[in-house]
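Participant: Before I ask anything, let me first share the structure, which is written out below as structure tokens.
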Amino acid sequence: MLGFFSSFAGIDLNDMMSSEDNGPFLHHRIIVDMKQLPCRLDKFLAGRLSSSRTRIQVGIACGNIKVNQKRVKAKYPVKAGDIVEVFLPNPVVIPDITAEDIALDIVYEDVHLLVVNKAAEMVVHPGTGHWRGTLVNGLMYHFANLPAQKGNEHRPGLLHRLDKGTSGLLLVAKTEAALSGLAKQFSDHTIERVYWALVWGTPKKKAGTIDIPIGRSLSDHRLMVPYLDGKRGKRSITHYEVLQKLGHVTLVECRLDTGRTHQIRVHMQHLGHPLFGDPRYGGDRICKGQQFSKYKSFVRNCFRLLPYQALHARTLGFIHPITGARCAFEVPLPASFASVVGKWTQYANAIQD
């Protein structure tokens, strides 16, 4: 999917009508899911773009929205396999990043790099809906002239990312030499990344490897999905080991060979064990256990304590790109995560008595 940095929201209708004089530029490309039932085009898009149905209808009438490269009417019945494209008069624009005085939890720092312990509620880099208050906004305030990889100029210093809701260790390059050396280690899959996750249920095997390609969902760009046919997606490898069974949930350690978007969340969901509290992959509801009111209240209380997916980047290891020394860092679970694990531990002990 292309450029979800913009939508119709806030765009002048006259700008939409004059797009043929300015480009136009492709902003959204949606391949309709094979399970999609026929649905009016304007209604279909209203559920996927941050815009009103009326504004979308104007875009359709102006020819700024096409299906299978053809102009259609708003009542066109979108069907499985259709390709819907949205054109706007200006190229996708990323606003200038504002440096902000944001406190950072720095675990390690030298001249070339730093390791940050990211809070779960912090977004890593600016994007749609999060142009301020991100880790990058803070990095730009505290560190001048951070290098950036080509094509990722709006993500200075970053070599990888953590989802909002995921806490833990993140590596940041401060010099071009460090950026280049660390990028090669990520490319060679030699960076050690160990996560702790709390999942619903207990995997059948105490330890195992999930080697299943992951790619963007064709029906919802916010989701990643496993592609078992091997024809789509990128190879994704997660090694997991059960650490502790806690009644209807389990604390699991996950080691990554690859670092795809939402990799652990998608892989564990595929096994039938979504991450506890995960709002995108089905973990934010009661997946295991009784439906008694007392149990429901207990789980809802845990959700309030940990209002995001229970995933923590606990260990980070790499070779220092300048000195060649082996570096390894580890941070404990944040208080909210640890509190929920403690509550489930008490629950597991109670039901065993």
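Participant: Over the alpha-carbon set of segment 192-285, divide Rg by the Kirkwood Rh and report the Rg/Rh ratio to two decimals.
Facilitator: Rg/Rh: 0.95.
Participant: Around residue 96, with a cut-off of 14 angstrom between Cβ atoms, what is the net charge of the other residues, counting Lys and Arg +1 and Asp and Glu -1?
Facilitator: Residues close to residue 96 contribute a combined charge of 0.
Participant: Which value, in Å², gives the accessible area per residue of segment 137-188 when a 1.4 Å probe is used on the protein heavy atoms?
Facilitator: 43 Å²
Participant: Follow-up question, since we're still on this one. To the nearest 0.05, what FRET efficiency results for residue 144 and residue 192 with a Förster distance of 22 Å applied to their C-beta separation?
Facilitator: 0.15
Participant: Same structure, new question: Taking the Cα centre of segment 151-309 as origin and charging only Cβ (+1 Lys, Arg; -1 Asp, Glu), how large is the dipole, in debye to the nearest 20?
Facilitator: Here segment 151-309 has a charge dipole of around 560 debye.
Participant: Enumerate the amide H contacts of residue 157 below 5 Å, restricted to partners 5 or more residues apart or on another chain; note that Pro and chain-start residues carry no placed amide H.
Facilitator: Under 5 Å from the amide H of residue 157: 148, 149.
Participant: Could I have the simple spin-label model distance between residue 61 and residue 80, label points 7 Å from Cα toward Cβ, reported in nm to one decimal?
Facilitator: 3.4 nm
Participant: Something else: Quick check: with the 1.4 Å probe, what order do 142, 320 take by accessible area, largest first?
Facilitator: Largest accessible area first, the residues go 142, 320.
Participant: In the chain, carbon and sulfur make up what percent of the accessible area (probe 1.4 Å)?
Facilitator: Roughly 51 percent of what the probe reaches on the chain is carbon or sulfur.
Participant: Heavy-atom accessible area of residue 82 with all protein chains present, probe 1.4 Å, nearest 10 Å²?
Facilitator: 10 Å²
Participant: Residues with beta-carbon under 13 Å from that of residue 307, excluding residue 307: net charge, scoring Lys, Arg +1 and Asp, Glu -1?
Facilitator: With Lys, Arg at +1 and Asp, Glu at -1, the net is 0.
Participant: Right, something else. Just to confirm a number: summing +1 for Lys and Arg and -1 for Asp and Glu over residues other than residue 175 whose beta-carbon lies under 15 angstrom from that of residue 175, what do you get?
Facilitator: Summing Lys/Arg as +1 and Asp/Glu as -1 gives -1.
Participant: Please list 293, 219 in order of solvent-accessible area, largest first, computed with a 1.4 Å probe with all protein chains present.
Facilitator: Result of the area sort, largest leading: 293, 219.
Participant: Top to bottom by accessible area (1.4 Å), largest first, where do 240, 76 land?
Facilitator: Correct descending sequence by accessible area is 76, 240.
The values are calculated or read from the model by the stated rules, or taken from the named source; none is laboratory data. As the structure is a computational prediction, the values presented were derived from the model and not from experiment. Backbone-built Cβ (ideal geometry, glycine too); neighbour counts: all protein chains shown. The area values use the complete protein model at the heavy-atom level, side chains included, leaving out ligands, DNA and RNA. Shrake-Rupley method; radii C 1.70, N 1.55, O 1.52, S 1.80 Å.
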